[in-house]
Amino acid sequence: MKVLVPVKRVVDYNVKIRVKADGTGVDLANVKMSMNPFDEIAVEEAVRLKEAGKANEVVAVSIGPAQAQETLRTALAMGADRAILITVDGPIEPLSVAKLLKGVVADENPNLVILGKQAIDDDANQTGQMLSALLGWSQATFASELDLGDTTAKVTREVDGGLQAIEVTLPAIVTADLRLNEPRYASLPNIMKAKKKPLETRTPDDFGVTVSPRLRVIRVEEPAGRTAGIKVAGVTDLIEKLKAEAGVI
Amino acid sequence: MAILLFAEHDNQSLSDQTAKALSAASLIGGDIDILIAGKNAGSVADAAAKLSGVRNVILAEGDTLEHRLAEPTAALIVNLSGDYDTILAPATTTGKNVLPRVAALLDVMQVSDVIEVVSPDTFKRPIYAGNAIETVQTTDATRILTIRTTSFAAATGDNAPAPIKTIDAGSDGTGLSTFLENILSKNDRPELGSAKIIVSGGRALGSAERFQEVMTPVADKLGAAIGASRAAVDAGYASNDLQVGQTGKVVAPDLYIACGISGAIQHLAGMKDSKIIVAINTDEDAPIFQVADYGIVGDLFDILPELERQL
């Protein structure tokens, strides 16, 4: 079974982002970039499937600038077998990404696509569901457990009231939630080996997909801030303040 | 044209997240229909019909819709989409699961997590875990939106009932997924999403037992819901559905008491719209104090029992 794992290059989750003064976006100059954390979980899950003998090939794909090669090398160092980069400069929306991935699926014929449930830059939480729709496949989003069989997969999903178990018919789309696994750190020998693994470069034209955005970004601004309040001496003081000043209890 | 609101419910009662998303729909303007997809969900349809500003309630019932699996539910909405120029849902795990599928089938780019309606085609939404707010204008003929319900007040629910139209559930999108079971957390507390008071615990609680022991009495006294930070959930002190944060639940109660939570960016994104925030932490430099209205520097194992006694 072949598993396809799309990965996105995003601002590292530890970076405190800054909004540009002219309101056109977020300042990405000289900011540390990494693989989207949810995508790391997706890669880890795919590699574990291979290690368990349930998958025989893991293909990582990224859509983004030339530097997204580094993100793909990370996936290869974690254990993916080969990688595909579709080069796109500038922002790209989930709908376009899903259309490009549909093209990759047509070429590669995977039985399973595992994606992160959302990217931590645009926080859209759409790509997996959209890809599933375009392919007419089954979908299991927000997975915290994946039990892969030959023709079906049992997936436990994180939902608002707790957990939900569903069974999906393969081929299927699974999106990874936080607790699906804990991604490994790539070892130095594996990082060296990853440099020699195949990485193919394509363009949106190869798939006949136009990537022009549908949403016009009018403005990006800082959120309304909260100002720090006061420190109170103890519980008695706190209860007094909550009753008299804030009126919330 | 008209707006279709995909309702959140559990086949027995209508979630108030639907009433909140309805307020967002009213701000967009136009005739609003509410879709109830479910099974034996007549009482939900009755409740939806009484919400203010509803033109029709559309009730589609069937086995495949009982748990609103993504494939048949999206197919149902797509079949109805010709009559609507806006389709929206509260940004619950169901809404997030179903609506992007609808959007792709209609070749539309969805706007996720709307926090403000600027005009009928322009919306504000948080990006980068709420560290920036983006204003976007859609250029698609149909607008597909998920609504962050903490940003909108609930529409009133005691009006003269709108007509309920029953439609066929259809069979499109069936056979791809099967529901197995729900493993839902059982408790008598208010739901996190609608609670007036939330007592939330972090890694400092140290274990699942102590989380229970120390948090429960205070929450009981206040009639509060219990929340947790990602660190506490990852450590196994609390179940996943209690997680407050950008990747968990986004809440905005009247009072949020953060106990032993340092205040990571992703946690703040989930609770910083609360009316009053109280922070209890041993580290006086913890980032949580920068957003707290009232802070107590001290050991939560002393302070929480004391709080419980004095309340």
- Given a cut-off of under 8 Å on Cα pairs at least six residues apart, what relative contact order in percent is computed for chain A? 23
- Which of these, A:N30, A:N190, A:N109, has the largest mean-square fluctuation under a Gaussian network model of chain A (Cα springs below 10 Å)? A:N30
- Message: In chain A, if the dipole is taken from +1 on Lys/Arg beta carbons and -1 on Asp/Glu beta carbons about the Cα centre, which of A:G161, A:P213, A:W137 is farthest to the positive end?
- Response: A:P213
- Query: Just counting partner chain Cβ atoms within 10 Å, what average do the residues of peptide A:232-242 show around their Cβ?
  - Reply: 6
- Item | All aspartates and glutamates inside 16 Å of A:K2 as judged from Cα atoms, apart from same-chain residues fewer than 8 positions distant | A:E44, A:E45, A:E51, A:E57, A:D81, A:D107, A:E108, A:D147, A:D150
- Please list the non-local residues whose amide H lies under 5 Å from the amide H of B:I58, H modeled 1.01 Å from N, same-chain partners needing a gap of 5 or more. B:I34, B:L35, B:I36, B:K165
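For chain B, what is the charge dipole size about the Cα centre, in debye to the nearest 20, if Lys and Arg each add +1 at the Cβ and Asp and Glu each add -1 at the Cβ?
220
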- Message: Averaged over its residues, how many other protein chain Cβ atoms are within 10 Å of peptide B:173-180's Cβ atoms?
- Response: 5
- Query: Quick one: B:T92, A:T152, A:T175, fewest Cβ neighbours within 10 Å first, how do they rank?
  - Reply: A:T152, B:T92, A:T175
- Simple spin-label estimate for B:D83 and A:K196 in nanometres, 7 Å along Cα-Cβ: 6.4
- Calculated Rg and Dmax of segment B:41-163 using C-alpha coordinates, Å: 15.2, 43
- Query: Once you have the alpha carbon radius of gyration of chain B, what is it after dividing by 2.2 N^0.38 Å, with N set to its residue count?
  - Reply: 1.05
- Query: Taking a threshold of 24 Å on the Cα-Cα distance, which of the pairs A:K8/A:K102; A:K243/B:K249; B:K196/B:K221 fall above it?
  - Reply: A:K243/B:K249
- Note on the structure: Out of A:V235, A:V104, A:V211, a Gaussian network model of chain A with alpha-carbon springs under 10 Å gives the largest mean-square fluctuation to A:V235
- Query: What's the average, rounded to a whole number, of partner chain beta-carbon atoms within 10 Å of each residue's beta-carbon in A:114-125?
  - Reply: 5
- Query: Tell me, what is the percent relative contact order of segment B:192-310, built from C-alpha pairs under 8 Å that lie six or more residues apart?
  - Reply: 25
- Separation in nanometres of the label points that stand 7 Å from Cα toward Cβ, at B:T166 and B:L180: 3.4
- Query: If each of B:A208 and A:D89 carries a label point 7 Å out from its Cα toward its Cβ, how far apart are those two points in nm?
  - Reply: 5.3
- Query: Exposure proxy check: A:Y185, A:Y13, B:Y128 ranked by fewest other beta carbons within 10 Å?
  - Reply: A:Y185, A:Y13, B:Y128
- Message: If I model segment B:102-194 as equal point scatterers sitting on the Cα atoms and use the Debye formula, what is log10 I(q)/I(0) at q = 0.10, 0.24 Å⁻¹?
- Response: -0.50, -1.12
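Please say if chain A is rounded, prolate or oblate, where rounded means a/c under 1.5 for a ≥ b ≥ c the square roots of the C-alpha gyration tensor eigenvalues, and otherwise the choice is prolate for a/b larger than b/c and oblate otherwise?
Prolate shape, in that a/c is at least 1.5 and a/b is the bigger ratio.
Over 23 Å between C-alpha atoms is what I'm after, so list which of A:K154/B:K96; A:K32/B:K96; B:K50/B:K165 land there.
Beyond 23 Å: A:K32/B:K96.
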- Query: Dipole magnitude of segment A:2-246 about its Cα centre, charges +1 at Lys/Arg Cβ and -1 at Asp/Glu Cβ only, in debye to the nearest 20?
  - Reply: 420
- So, with +1 on the Cβ of K and R and -1 on the Cβ of D and E, and no other charges, what is the size of the charge dipole of the protein assembly as shown about its Cα centre, to the nearest 20 debye? 920
- Classify the protein assembly as shown as rounded, prolate or oblate, taking a ≥ b ≥ c as the square roots of the eigenvalues of its Cα gyration tensor: rounded when a/c is under 1.5, otherwise prolate if a/b is larger than b/c and oblate if not. oblate
- Task: Could you check which residue among B:N240, B:N182, B:N79 shows the biggest mean-square fluctuation in a GNM of chain B with a 10 Å Cα cutoff?
- Result: B:N182
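Would you work out if segment A:1-94 is rounded, prolate or oblate? Take a ≥ b ≥ c from the square roots of the eigenvalues of the alpha-carbon gyration tensor; rounded if a/c is under 1.5, else prolate when a/b is larger than b/c, oblate otherwise.
prolate
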- For each of B:H267, B:H67, count neighbouring Cβ atoms within 10 Å of the residue's Cβ, then give the residues from fewest to most. B:H67, B:H267
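Taken together, the values in this text are just the output of simple stated rules run on the coordinates, not laboratory data. Model, not experiment: these values are computed from the prediction. Here Cβ is always computed from backbone atoms with ideal geometry, including for glycine, and neighbour counts include all displayed protein chains.
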